[in-house]
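Shown next, in structure tokens, is the structure this report addresses.
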Amino acid sequence: MSDMSIISAILVVAVAFLAGLESIPDQFQFHQPLVACTLIGAATGNLTAGIMLGGSLQMITLAWANIGAAVAPDVALASVAAAIILVKGGKFTTEGIGVAIAIAILLAVAGLFLTMPVRTASIAFVHAADKAAEHGNIAGVERAYYLALLLQGLRIAVPAALLLAIPAQSVQHALGLMPDWLTHGLVVGGGMVVAVGYAMVINMMATREVWPFFAIGF
């Protein structure tokens, strides 16, 4: 981590951990791109770039939601990893942010494969909580809940730490190997996904009862 101070790295991992926790209870919204990317940008001294990336990703993820057993793409991993890659790449232009957005979308889908084993492992804590509840052990129920949340936090914090361990020069070299046609294509594709995400939200809000609130929002 020679290219980033230890304090900055610790703060980034802390944000990643909180984002992982928040991807479950949704209480403080640390996993939302606008929050996570902004905090990582602030921790690394790139606040403006973090806000720009977070704002763009937020437009995509507005329509993402977990419904029953259907799990949405991993917003937390996408936000944290994309922000770290953007900072490591050091290219805070529209093109650089566009590439980070495209990478974030891929990571959001890949994150589903990480959350499955974590959720499966959490079943053991559910059984432990049930057993504790049978004996009236409220502390045991709470302990099982927090241990399950701990796994969710580590699900994002560990990949974040691994990304931080990669030298910035290696990230910049890897991004530099991308041909112009691919870079420009990712930028265009990322922009289209933003528009589609916002259109999905508007489509869901297209009711007589909700439109007034949409107008008031402006």
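Phe92 meets each of the listed conditions (1) touching a residue at least 40 places away in the same chain (Cβ under 8 Å); (2) part of a helix (DSSP H, G or I); (3) open to solvent by 10 Å² or more (accessible area, probe 1.4 Å) apart from (2). Of all residues in the range 58-69, which are assigned to a helix (DSSP H, G or I) and either at pLDDT 90 or above or open to solvent by 10 Å² or more (accessible area, probe 1.4 Å) (or both)? If the condition is that a residue be assigned to a helix (DSSP H, G or I) and either at pLDDT 90 or above or open to solvent by 10 Å² or more (accessible area, probe 1.4 Å) (or both), then Gln58, Met59, Thr61 are the ones that fit.
Out of the range 151-172, which residues are surrounded by 11 or more Cβ atoms within 10 Å (Cβ to Cβ), among the hydrophobic types (A, V, I, L, M, F, W, C) and touching a residue at least 12 places away in the same chain (Cβ under 8 Å)? Selection gives Leu151, Leu154, Ile156, Ala157, Ala160, Ala161, Leu163, Leu164, Ile166, Ala168, Val171. Would the range 103-118 turn up any residue that is in contact with a Ser or Thr (Cβ under 6 Å, 6 or more places away or on another chain) and in a helix (DSSP H, G or I)? No: zero hits. Inside the range 1-51, residues that are of a type in the set (Asp, Glu) and in a loop (DSSP other than H, G, I, E, B) make up a count of 2.
Per-residue answers, yes or no, for (1) surrounded by fewer than 21 Cβ atoms within 10 Å (Cβ to Cβ); (2) over 18 Å from Ile156 (Cα atoms); (3) of a type in the set (Lys, Arg); (4) within 13 Å of the chain's Cα centre (by Cα):
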position	(1), (2), (3), (4)
Ile6	yes, yes, no, no
Leu21	no, no, no, yes
Leu39	no, no, no, yes
Ala78	no, no, no, yes
Ala82	no, no, no, yes
Gly98	no, yes, no, no
Ile103	yes, no, no, yes
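Taking Ala72 as the residue in question, decide whether it is of a type in the set (A, V, I, L, M) and buried (at least 19 other Cβ atoms within 10 Å of the Cβ). Spell out how you get there, then give the answer.
On the way: of a type in the set (A, V, I, L, M): yes; buried (at least 19 other Cβ atoms within 10 Å of the Cβ): no.
Judged against the criteria, Ala72 is not a match.
Looking at the structure I just gave you, is Leu86 closer than 23 Å to Ala9 by Cα, modelled with pLDDT of 80 or more and surrounded by fewer than 20 Cβ atoms within 10 Å (Cβ to Cβ)? Considered against the rule, which asks whether it is closer than 23 Å to Ala9 by Cα, modelled with pLDDT of 80 or more and surrounded by fewer than 20 Cβ atoms within 10 Å (Cβ to Cβ), Leu86 comes out as no.
For the range 105-142, residues that are open to solvent by 70 Å² or more (accessible area, probe 1.4 Å) and modelled with pLDDT of 80 or more total 13. Against the definition (open to solvent by 50 Å² or more (accessible area, probe 1.4 Å), of a type outside the set (D, E, K, R) and under 24 Å from Gly185 (Cα atoms)), how does Ile51 come out, yes or no? It is true that Ile51 is open to solvent by 50 Å² or more (accessible area, probe 1.4 Å), of a type outside the set (D, E, K, R) and under 24 Å from Gly185 (Cα atoms).
The values are calculated or read from the model by the stated rules, or taken from the named source; none is laboratory data. These numbers come from a predicted model, not from an experiment. Because the Cβ atoms are built from the backbone with ideal geometry, glycine has one as well, and the counts that use them run over all protein chains shown. Keep in mind that these areas ignore ligands, DNA and RNA; they rest on the heavy atoms of the full protein, side chains included. Shrake-Rupley method; radii C 1.70, N 1.55, O 1.52, S 1.80 Å.
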